[in-house]
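Below: the structure, in structure tokens.
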Amino acid sequence: MVTLPFSEREAFLEQVYRRGFELEQRYYGCAQCVVAALHDFFPIDSCLVKAATSLSGGFASTIEGPCGAFTGGILVLSHFFGRSRDEFANIALLRRPGPLVRLYWDKFKQTYGGDSCRDIQKFLFGKAYRFLDGDEYRAYEEAGGHSEKCAAVVGNACVWLAEILMEKNVPRRKT
């Protein structure tokens with residue numbers, strides 16, 4: 001494992017956090033913002049950003065299903081450690097990213113008490129807002145949805161992923 005000096009590592013992780021936070025604040029789409037932020041620092045195929053589109057707000061903004069920041073992170077981990085098309089015959093490789101996904105998943109559960117969009121909203125706001133209901137979506141925004149709370153979830157997810165990628169010696173992009 002290549003380790004950065006403490007101050008350089010902390011500065012890098014702060015950049016990663018800031019990038020994820022700012023992308024979510026500005027563009028919304030937690031899954032896409034996680035993938036896009038990590039794309040800025042690690043060699044991730046940009047098609048993953050598009051592939052993450054309907055994973056935000058649970059599934060397709062329904063708040064049902066996993067948090068988009070969580071699923072966006074799973075895409076990133078699978079990108080680096082998942083089974084490629086050329087490796088399909090090796091069924092054992094299907095489980096290769098599993099331990100890293102579980103590590104990432106544990107961070108969500110420990111920090112937010114769950115992994116679903118609904119659970120995380122309840123942790124952050126004390127209730128869950130239905131994004132597809134206009135009045136509830138406006139209330140979510142007024143409660144700090146994209147301006148602060150979910151942007152922080154994205155920032156944290158980006159840091160947790162960056163730590164895993166650094167631990168596994170995934171090379172960084174030149175910035």
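Restricted to the range 162-174, and to residues that are outside any helix (DSSP H, G or I) and at pLDDT 95 or above, which residue is surrounded by the fewest Cβ atoms within 10 Å (Cβ to Cβ)? So, considering only residues that are outside any helix (DSSP H, G or I) and at pLDDT 95 or above, the one surrounded by the fewest Cβ atoms within 10 Å (Cβ to Cβ) is ASN169.
Taking the criterion of being free of Cβ contacts under 8 Å to residues at least 12 places away in the same chain and not aromatic (Phe, Trp, Tyr), the residues of the range 26-49 that qualify are ARG26, HIS39, SER46, CYS47. Yes or no: the range 109-124 includes at least one residue that is closer than 17 Å to CYS158 by Cβ and in contact with a strand residue (DSSP E or B) (Cβ under 8 Å, 6 or more places away or on another chain). Within the range 109-124 (the criterion being closer than 17 Å to CYS158 by Cβ and in contact with a strand residue (DSSP E or B) (Cβ under 8 Å, 6 or more places away or on another chain)), the answer is yes, since at least one residue qualifies.
Condition first: touching a Lys or Arg at 6+ places or on another chain (Cβ under 9 Å) and closer than 30 Å to SER147 by Cβ. Can you find one or more residues in the range 5-20 that meet it? Checked against the condition, which is being touching a Lys or Arg at 6+ places or on another chain (Cβ under 9 Å) and closer than 30 Å to SER147 by Cβ, the range 5-20 yields at least one hit. Condition check for HIS79 on (1) crowded, with 16+ Cβ neighbours inside 10 Å; (2) under 14 Å from the mean Cα position of the chain (by Cα); (3) within 20 Å of CYS117 (Cβ to Cβ): one failure, at (3). Would you pick out the residues in the range 108-133 that are among the aromatic types (Phe, Trp, Tyr) and surrounded by fewer than 18 Cβ atoms within 10 Å (Cβ to Cβ)? Selection gives PHE123, PHE125.
Residue-by-condition table, conditions (1) over 16 Å from the mean Cα position of the chain (by Cα); (2) at pLDDT 95 or above:
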position: HIS39; (1), (2): no, yes
position: ALA52; (1), (2): no, yes
position: PHE59; (1), (2): no, no
position: PHE70; (1), (2): no, yes
position: GLY73; (1), (2): no, yes
position: ASN90; (1), (2): yes, yes
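Among the residues of the range 6-25, those that are more than 16 Å from the chain's Cα centre (by Cα) and either within 17 Å of GLU141 (Cβ to Cβ) or surrounded by fewer than 17 Cβ atoms within 10 Å (Cβ to Cβ) (or both) comprise PHE6, SER7, GLU8, ARG9, GLU10, ALA11. Of all the criteria given as (1) of a type outside the set (D, E, K, R); (2) in contact (Cβ under 8 Å) with a residue 60 or more places away in the chain; (3) out of contact with any Cys (no Cβ under 8 Å at 6 or more places or on another chain); (4) assigned to a helix (DSSP H, G or I), the one not satisfied by LEU23 is (3).
Restricting attention to helices (runs of 4 or more DSSP H) lying wholly within the range 77-161, give those where 1 or more residues are of a type outside the set (S, T, N, Q), closer than 22 Å to GLU24 by Cβ and in contact with a Pro (Cβ under 9 Å, 6 or more places away or on another chain).
Passing ranges, in order: 98-112, 117-125.
For ILE63, the criteria (1) among the β-branched types (Val, Ile, Thr); (2) buried (at least 21 other Cβ atoms within 10 Å of the Cβ); (3) within 22 Å of LEU38 (Cβ to Cβ) hold in every case but one, which is (3).
Results for (1) part of a loop (DSSP other than H, G, I, E, B); (2) over 17 Å from ARG173 (Cα atoms), shown as yes or no for each residue.
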| residue | (1), (2) |
| --- | --- |
| SER7 | no, yes |
| PHE12 | no, no |
| VAL16 | no, no |
| ARG19 | no, no |
| ALA31 | no, yes |
| ALA36 | no, no |
| ASP45 | yes, no |
| SER54 | no, yes |
| ALA60 | yes, yes |
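Restricting the first member to the range 68-84 and to residues that are over 28 Å from GLY145 (Cβ atoms), and the second to residues that are of a type in the set (D, E, K, R), the beta-carbon pairs closer than 9 Å and six or more apart or on different chains are PHE80/LYS168; PHE81/ARG96; PHE81/LYS168; GLY82/ARG96; ARG83/ARG95; ARG83/ARG96.
The values are calculated or read from the model by the stated rules, or taken from the named source; none is laboratory data. Note that the structure is a prediction, hence the values are computed from the model and not measured. When we count neighbours, we look across all protein chains shown, and the Cβ atoms used for this are built from the backbone with ideal geometry, even at glycine.
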